[in-house]
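Participant: Here it is: the structure, laid out below.
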Amino acid sequence: MRSPRSVLPLLAAASVLALPTAGAAAHGGPGHDGPGHPGPKPPAAPTLVARATLPATTYLPGGPSGAALGTATINGVTPPFPGQPIPGFSGVLADRDGDVLGLPDNGYGAKTNSADFLLAVHRVRPAWHTARGGAGTVAVRETLALRDPDHRIPFPLTRADRRLTGADLDVESIQRGDRGSLWIGDEFGPYLLHVDRTGKVLEAPVPLPGVKSPQSPDLAPGETPNLPASGGFEATAALPDGRTLLPITEKALTTEPDQTRHVVHEFDARRSRYTGRTWTYRTERPDTYVADAQALDAHRLLVLERDNFGGPDAKLKRLYVVDLRRADATGALVKRQVADLLDLRNPGVTQDAPGTFGLGQPFRFPFVSVESVLPIGGDRVLVANDNNFPFDAGRQPGKADDTELIQVDVPGLRDRR
C-alpha cells in the first residue's frame with residue numbers, strides 16, 4: 001500500500017527518464033523518413049523499451065534447497081541446489097535510487113516441496129539494456145528475510161527460528177503500508193500478511209472471510225475448500241489514499257458458476273479488515289488468471305491477465321485497464337486492453353537468436369507465469385516473470401528460464417476513456 005508520498009517517481013527518474021523514447025529508438029525521430037522528407041507518423045503500439053535478466057542459477061546464502069524435488073536433472077539444473085535460488089518475481093515495487101523490490105513466491109510451487117525455501121523480499125538493481133546498449137543485468141543488493149519472532153502467526157511454522165518458508169505461506173503480491181511496512185498477499189489462506197520494513201511480521205495474517213484454499217491452515221477436518229490450490233492473492237492493488245488495498249483471487253471460486261468471475265475485495269489496511277465492498281472482474285476465458293493489479297489513480301486499475309502456457313504455446317499475456325466506477329450490464333468492470341505482451345514492437349532492444357523464442361520482431365514475453373506489472377511513470381510499465389525455477393523453459397527448450405524484467409511503453413495507458 002503506497003503512502004501519499006509515493007516512491008514510484010524515484011524509479012521513473014532513475015531508470016526511465018534516462019532511456020530514449022520508444023519512437024526515437026525505433027525510427028530515428030518522430031515522423032521522419034529522411035533529410036527533408038517528413039513521413040507519416042507510425043501508429044502507436046506497445047513497445048519494448050528496455051530489458052534486464054537475472055540468471056536462473058543465481059543462488060543466495062541460506063542453506064541448500066530443493067531437496068524434495070529429487071535428484072533428476074530438470075531443464076539443465078540438478079537438485080538439490082547449493083543455496084537459495086530466486087525463482088522469479090510474483091510481485092514488484094519501486095524502491096529508492098532506481099532499485100526494485102522483488103517478491104518471489106513459495107519456492108517450488110507446492111507446500112509439500114518448499115520447506116527448505118526461505119521466504120524473502122529482494123532489493124535488486126537492473127542495469128537496463130536498450131536499443132542503444134547497456135549491460136542488461138540485475139544485481140541483488142539486499143535480502144529482507146520474512147520472519148515471525150514475535151509469534152504473531154497462530155498456526156505452526158516449519159522452522160523453530162520462525163523464519164518463514166514456502167511450506168508456511170505462498171507469498172505472491174506486495175504493496176506498501178504505513179511507516180515503511182509492507183502488505184503481502186498469500187495463496188495458502190488466502191491471507192494478507194503485514195510485515196515491517198525489515199520483513200518482521202507485525203500482526204496475525206488476515207484471512208478472506210468465507211474463502212479457504214486446500215492449503216489453508218484454517219481448514220477444519222472434513223471441510224471442503226472453495227478456492228482452488230494456487231488460486232489466492234496473486235494480485236493486490238493499492239489505491240493512492242494510503243489505506244485501501246484491493247486483493248483479487250487469481251482463480252475463481254470453485255462454487256462460482258461463471259468461472260470467468262473474480263471478485264475484487266476492498267480492504268482497510270489501517271483497521272486490518274475487509275469493508276465488504278466488492279467489484280466483479282471477468283477474465284477472458286475460464287482458464288485465464290488474474291496475475292497482478294496496480295492502481296493508476298484513485299479509480300482505475302491496471303490488470304495483468306495470463307494463461308497457463310509458455311513458449312510458443314502461450315496465447316494470452318495481456319494488460320487491461322478498468323475503472324472501478326464503470327460496469328457493464330452484467331455488473332462486471334468494463335475492460336480496455338492496452339497491451340499484448342506476446343506482441344510488443346521491438347526497436348532493436350533484443351535480437352532474434354536460433355533456438356530462443358520471442359527475442360526478435362515482435363518481442364514476446366512468453367513465460368507461463370507473467371505475474372508482475374508496475375506503472376513507473378507516464379505510459380511506461382515494468383513487467384517481470386515468475387520463472388517457477390527450475391520447471392519453466394519458455395525461452396529455450398530444456399533450459400530453465402531466467403528472471404526477466406522489461407520496460408514497456410504503453411501508448412494511451414492513462415487515457416481516461
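The values are calculated or read from the model by the stated rules, or taken from the named source; none is laboratory data. Predicted model, so just to flag it, every value in this text is computed and none were measured. All Cβ positions, even for glycine, are placed from backbone atoms using ideal geometry, and neighbour counts span all protein chains on display. Each accessible area value is taken on the protein alone, full model and side chains, heavy atoms only, with ligands, DNA and RNA left out. Shrake-Rupley method; radii C 1.70, N 1.55, O 1.52, S 1.80 Å.
Participant: Just give me the residues in the range 257-270 being free of Cβ contacts under 8 Å to residues at least 60 places away in the same chain and open to solvent by 40 Å² or more (accessible area, probe 1.4 Å), in sequence order.
Facilitator: Matches in the range 257-270: P257, D258, Q259.
To keep it simple, each residue is scored yes or no on (1) of a type in the set (G, A, S); (2) in contact with an Asp or Glu (Cβ under 7 Å, 6 or more places away or on another chain); (3) at negative phi.
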{"position": "A115", "(1), (2), (3)": "yes, no, yes"}
{"position": "V124", "(1), (2), (3)": "no, yes, yes"}
{"position": "H129", "(1), (2), (3)": "no, no, yes"}
{"position": "A139", "(1), (2), (3)": "yes, no, yes"}
{"position": "D150", "(1), (2), (3)": "no, no, yes"}
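Participant: Within the range 319-351, restricting attention to residues that are free of Cβ contacts under 8 Å to residues at least 40 places away in the same chain, of a type in the set (A, V, I, L, M) and touching a Lys or Arg at 6+ places or on another chain (Cβ under 9 Å), which residue is farthest from V381 (Cα to Cα)?
Facilitator: The residue in question is V334.
Participant: From the list V201, V211, V206, which one is open to solvent by 10 Å² or more (accessible area, probe 1.4 Å), β-branched (V, I, T) and in contact with a Lys or Arg (Cβ under 8 Å, 6 or more places away or on another chain)?
Facilitator: After ruling out the rest, the residue left standing is V206.
Participant: Does R285 satisfy the criteria of being of a type in the set (D, E, K, R), over 17 Å from R336 (Cβ atoms), modelled with pLDDT of 95 or more and part of a loop (DSSP other than H, G, I, E, B)?
Facilitator: yes
Participant: Please count how many residues of the range 184-215 are of a type in the set (S, T, N, Q) and not in a loop (DSSP other than H, G, I, E, B).
Facilitator: Residues in the range 184-215 being of a type in the set (S, T, N, Q) and not in a loop (DSSP other than H, G, I, E, B): 0 in total.
Participant: Take E256 and tell me if it is assigned to a loop (DSSP other than H, G, I, E, B), farther than 24 Å from D148 by Cα and among the charged types (D, E, K, R).
Facilitator: Taking the combined requirement at face value, the residue satisfies it.
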